[in-house]
Amino acid sequence: MQGQTYVAEVATDAGFTNIVFTSTASTATEVRLPPVLSNDTTYFWRVRSTNICGTGVDSASFTFTTRPAAGQCPAGLSLIDGFRDTMDSGINGWTTDPVSGTTWNQSTARPFSGTTSWLAVDVTTASDQRLISPAIALPVDLSSLLLRFKQDVTMEANGATACYDGGFVEISTNNGSTWAPIASTSVLEDFYDGPLSGGEQAWCGTQPYTTASLDIDSFAGQSVRFRFRAITDTSVGSVPHGWYVDDVAVVGCGIPVLLFKDGFEGP
Ligand SMILES: [Ca+2]
Ligand SMILES: [Ca+2]
Ligand SMILES: [Ca+2]
């Protein structure tokens, strides 16, 4: 119909008394919402037509539910550790790759928790530094699995959207034979800052401790290793600082009774 436009409304109640969003009248058949919605919440939406003859009737209403924020669980479920290492009780099965100019070491300079974190120094020479986790069995009885850790980053940036030096995380499902970067689309908190010269998306620049959350739910049920990989180019570093990593954890949503299972696992 000539001049036909549509208005979409989103509300928190079926009666549309609390409308949180009203689109501008448009001929578009798709509406993108500004960031007005809360996580883990059910909303109601409807559409009505408008044209020069007046306003049409409202459509029936429909609902959708937003997903929980990273690290939050739906009602009735709790965030449960599948793995956690605060880096304060020794090496615990972590290894470094000896052929990559590694400086990875347990440092007392800038721990997030306790007295110790891992540190890869942003050296002034070319390096490819690799810190490899012990094998971790990703539980199938937890949903929305995340790899979460704290990171304090001082790595040479290349402008605001790229990295000369930087760090990123890879995952292996075959005990370290092959590795794949965790895609930027799987980063739910603390997004990558930009690509290294080799194209890998990485964290760089300067930021104090921040929580990074990476979606690893598609790997549930597998035994995996994570590789924290710091790459530096041939000049300009941040010695003695670099990429501090602490409190590495696998977390997911489960029924709280699982906490008792953890209690029987011993030290
Ligand atoms: Ca620590
Ligand atoms: Ca950043
Ligand atoms: Ca550099």
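The values are calculated or read from the model by the stated rules, or taken from the named source; none is laboratory data. These numbers were taken from a predicted model, which means no experiment stands behind them. Every residue, glycine among them, receives a Cβ derived from its backbone with ideal geometry; neighbour counts consider all protein chains shown. Protein only, heavy atoms only, side chains kept; ligands, DNA and RNA dropped before computing areas. Shrake-Rupley method; radii C 1.70, N 1.55, O 1.52, S 1.80 Å.
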Notebook entry, point to check: Which members of the stretch 54-88 meet the condition of being at pLDDT 85 or above, within 21 Å of Leu147 (Cα to Cα) and among the charged types (D, E, K, R)?
Noted result: Asp81, Arg84, Asp85, Asp88
Notebook entry, point to check: If you take the residues of the stretch 161-174 that are outside any strand (DSSP E or B) and in contact (Cβ under 8 Å) with a residue 12 or more places away in the chain, which of them is surrounded by the most Cβ atoms within 10 Å (Cβ to Cβ)?
Noted result: Asp165
Check: Mind checking which residues of the stretch 230-249 are surrounded by 24 or more Cβ atoms within 10 Å (Cβ to Cβ) and either among the small types (Gly, Ala, Ser) or without any contact (Cβ under 8 Å) to a residue 12 or more places away in the chain (or both)?
Finding: Ala230, Gly242
Next item on the list: Quick one: which residue in Gly114, Gly93, Gly82 is away from ligand 2 (no atom under 16 Å from the Cβ) and either loosely packed, with under 13 Cβ neighbours inside 10 Å or outside the structural domain of Asp215 (by TED's automatic domain parsing) (or both)?
Entry: Gly93
Notebook entry, point to check: Condition test on Thr124, is it open to solvent by less than 30 Å² (accessible area, probe 1.4 Å), farther than 23 Å from Gly82 by Cβ, modelled with pLDDT of 95 or more and of a type in the set (Ser, Thr, Tyr)?
Noted result: no
